[in-house]
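The values are calculated or read from the model by the stated rules, or taken from the named source; none is laboratory data. Only a predicted model underlies this, so the values are computations on that prediction, with no experimental measurement involved. All Cβ positions, even for glycine, are placed from backbone atoms using ideal geometry, and neighbour counts span all protein chains on display.
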Amino acid sequence: MVGSGAAGGIAAYVLTIKGLKVLCLEAGRMLEPAHDFFTHKFPYEWPYRGEGKPGQYGKLPQGMEWKIKEWTDHLYTIPAEDPYALAPGSKFTWTRLRAVGGRTNLWGRGCDRFGPLDFKPKSLQDGWGEDWPIGYEDVEPYYERVEQLIGVSGSSEGVYNTPSGKRLLPAFNPRCGEMLIRKGAAKLGIKVMPKPLAVLSRLYDGRPPCHYCGACNWGCDVGARYSSLDVLIPQLRRRKNFELRTNAAVHTILMDRSTGKARGVTYIDTRNGLEYEAYGKAVVLAASLVESIRILMNSRNRDYPSGLANTSGTLGHYLMEHVAFNSIEGFFPELAGRPTTNDDGPGESCLYIPRYNYGHKDQKKYLRGWRLDFYTGCGMSPGPGASLPGFGSAYKKKIKELYPAAVQMGGYGEGLPFFWNYVEIDPGGLRDRFGIPQVRFHTTSEYDHAFAIRDEMYGQMEEILKASGAEIFPYKKQSPYPLGSVTHEAGGCRMGNDPRTSVLDEWNRCHDTKNVLVVDAGCFVSHPEKQITHTIMALAYRASDHLAEEFRRGDA
């Protein structure tokens, strides 16, 4: 098992409890939540208000500036210290968190399920792109298992193509501003519903409920939100058939030419730079999609000169990301000046607006749809301050007045797969700090669909906010954020029935090498507007369950 995050943690858990002997190789170190997470430290307690010394992190890619701060700069890989390459005119924001638990340590915790239409976008929606080789009915049981394993709060609302679990924990109560948006959206016939979150609303499986500190993005030091570090790894380390080996940066898959199967991996111990080999009957890549692709490409040999599992020529291609851009900010006059209360909640909005534009016949310039998120109330920092002109005591007074009334709304549009959005091993010879050949991205987020859906979303957000009674601050439309900026990148090892046009089969096995699996977001065929981590975990559970059954039958 390569990786211990969203996919790796689930896959390791399934294979271990099924009785297989699992070696989990993690490129980063073990974390101690009490020492590594500064959950309750306020901005004014940091030397530079949490932003870091000017120039300390170099020039951060767009979308990275809100991730790498003084709370987290010891967790994330800082691009200036371990750079990757970009082709001329390309932009990509690659978020790397090398540690046990991976990016589940600092994720947004949204747990949407994909719906039936999302797995069959070509045949059931608009004829564009490709269908997945599996359907919702194939993944539904594994969504349910993941929800029971990690603990998900929410509500089953019966919304079209937005399925929910039947045994969710109670949803979190909405904030005042969220209730105003729900009323305003209802005037327009738009549904607002509780957001499914991997945050506990009550005691669950020996873990405490959320205590509403609102700082989940800095890590949770009590385990109230799911991370594989907190929930799965401790269970697995108590089992004799599981071993976790940290500081092990895998870079190559070892092949047996006589059988055509993988026989293990080569990795570097990042503490001393020494190289080691580990052997197994199957190799499961769950390193996050760019790292998994890099490993496959760096495993090229005489039989696979363009990279292992790349006879289709699609490895690294069809990279996707949500269409995202700057949010709209404003305030609710009726909430201005109210007493400050603890609005932090579970660190996320308690409500959201799922996609609602199904069947609209006036979609001429963009495909499919979007979802909208909104954030209101008294958070850790006074959000509207940067949007207001002024200085001095009058300025401070205005910020205090609007602080409890603040609102911002943004969202995600469906990202489309294009062959020309791809990643490769850098032809210029760039290597990472461990000497492993590094990647180069050929990607753009600025295409016709992205601009068109952005414009439609801006109009919809304005309409909903105004119907809710909000006053909107002046803003400028920005270009869609670069791929990777919202940490929802997907594709590059897509699954399919045809080995000529895909890398993986319906069980996440490489067409070319059946005992090599890729169970992270690289397997995605399409990228609907929904959060993707729940689907990553469900697919990892499904693939691992099938692999364990193959071992039981002696077919692996």
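Here is a yes/no grid of residues against (1) within 21 Å of the chain's Cα centre (by Cα); (2) among the acidic types (Asp, Glu); (3) over 21 Å from Phe119 (Cβ atoms):
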| position | (1), (2), (3) |
| --- | --- |
| Arg433 | no, no, yes |
| Ile436 | no, no, yes |
| Glu462 | no, yes, yes |
| Pro482 | yes, no, yes |
| Gly491 | yes, no, no |
| Asn497 | no, no, no |
| Lys514 | no, no, yes |
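Checked across the stretch 56-68, the condition of being in contact with a strand residue (DSSP E or B) (Cβ under 6 Å, 6 or more places away or on another chain), crowded, with 17+ Cβ neighbours inside 10 Å and of a type in the set (Gly, Ala, Ser) holds for no residue. Being crowded, with 23+ Cβ neighbours inside 10 Å, among the charged types (D, E, K, R) and outside any loop (DSSP other than H, G, I, E, B) is a property that Asp138 lacks.
Total residues in the stretch 477-497 satisfying the condition of being part of a loop (DSSP other than H, G, I, E, B) and either of a type in the set (A, V, I, L, M, F, W, C) or free of Cβ contacts under 8 Å to residues at least 12 places away in the same chain (or both): the figure is 2. For beta carbons closer than 9 Å, sequence separation of 6+ or different chains, a first residue in the stretch 416-445 that is closer than 15 Å to Gly89 by Cα and touching a residue at least 40 places away in the same chain (Cβ under 8 Å) and a second that is among the acidic types (Asp, Glu) and not in a strand (DSSP E or B), the qualifying pairs are Asn421/Glu321; Arg440/Asp426; Thr443/Glu321; Ser445/Glu321.
Entry remark, the stretch 386-426: residues being in contact with a helix residue (DSSP H, G or I) (Cβ under 9 Å, 6 or more places away or on another chain) and over 29 Å from Leu465 (Cα atoms) number 3 in total. Taken together, Val222, Val231 contain a single residue that is modelled with pLDDT under 95 and over 22 Å from Arg175 (Cα atoms), which is Val222.
Report, by residue number, each residue of the stretch 268-303 that is among the β-branched types (Val, Ile, Thr) and under 17 Å from Asn247 (Cα atoms).
Just the residues of the stretch 268-303 that are among the β-branched types (Val, Ile, Thr), to begin with: 268, 270, 283-284, 290, 293, 295.
Residues satisfying the conditions are Ile268, Thr270, Ile295.
Each residue in the stretch 500-530 was checked for being of a type in the set (D, E, K, R) and farther than 30 Å from Pro354 by Cβ, and 5 of them qualify.
Does Leu517 fit the bill of being farther than 29 Å from Pro61 by Cβ and crowded, with 24+ Cβ neighbours inside 10 Å? Against the criterion (farther than 29 Å from Pro61 by Cβ and crowded, with 24+ Cβ neighbours inside 10 Å), Leu517 qualifies. Just one of the listed residues (Ala452, Ala490, Ala548) is of a type in the set (Gly, Ala, Ser), crowded, with 24+ Cβ neighbours inside 10 Å and at pLDDT 95 or above, and it is Ala490. All conditions in (1) within 30 Å of Phe332 (Cα to Cα); (2) touching a residue at least 40 places away in the same chain (Cβ under 8 Å) hold for His211, with the sole exception of (2).
To keep it simple, each residue is scored yes or no on (1) in a loop (DSSP other than H, G, I, E, B); (2) on the phi < 0 side of the Ramachandran plot; (3) within 24 Å of the chain's Cα centre (by Cα).
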position: Ser155; (1), (2), (3): yes, yes, yes
position: Ala171; (1), (2), (3): yes, yes, yes
position: Leu180; (1), (2), (3): no, yes, no
position: Lys183; (1), (2), (3): no, yes, no
position: Gly189; (1), (2), (3): yes, no, no
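Of the residues contained in the stretch 538-555, none is found to be in contact with a Leu (Cβ under 6 Å, 6 or more places away or on another chain), over 28 Å from Gly369 (Cα atoms) and not in a helix (DSSP H, G or I). Considering the stretch 493-504, and only residues there that are charged (D, E, K, R) and surrounded by fewer than 22 Cβ atoms within 10 Å (Cβ to Cβ), the residue that is nearest to Ile134 (Cα to Cα) turns out to be Asp498.
From the list Arg257, Arg245, Arg263, Arg239, pick out the single residue that is within 27 Å of Lys514 (Cβ to Cβ) and modelled with pLDDT under 95.
Arg257
Only one of the numbered conditions (1) over 30 Å from His40 (Cβ atoms); (2) at pLDDT 95 or above is not met by Ile150, and that is (1).
If you go through the stretch 407-448 and keep only what is out of contact with any Phe, Trp or Tyr (no Cβ under 8 Å at 6 or more places or on another chain) and under 30 Å from Thr376 (Cβ atoms), you end up with just Gly415.
The residues of the stretch 120-135 that are surrounded by fewer than 18 Cβ atoms within 10 Å (Cβ to Cβ), outside any loop (DSSP other than H, G, I, E, B) and not hydroxyl-bearing (Ser, Thr, Tyr), listed by number, are Lys122, Leu124, Asp126. For the stretch 150-165, a residue qualifies if it is buried (at least 19 other Cβ atoms within 10 Å of the Cβ) and either in contact (Cβ under 8 Å) with a residue 60 or more places away in the chain or farther than 16 Å from Arg371 by Cβ (or both), and the qualifying residues are Ile150, Gly151, Val152, Ser153, Asn161, Thr162, Gly165. For the stretch 504-530, enumerate the residues that are closer than 22 Å to Ser228 by Cα and touching a Phe, Trp or Tyr at 6+ places or on another chain (Cβ under 8 Å). Result: Leu517, Lys530. Among the conditions (1) closer than 21 Å to His527 by Cα; (2) modelled with pLDDT of 95 or more; (3) loosely packed, with under 14 Cβ neighbours inside 10 Å, the only one that Lys365 does not satisfy is (2).
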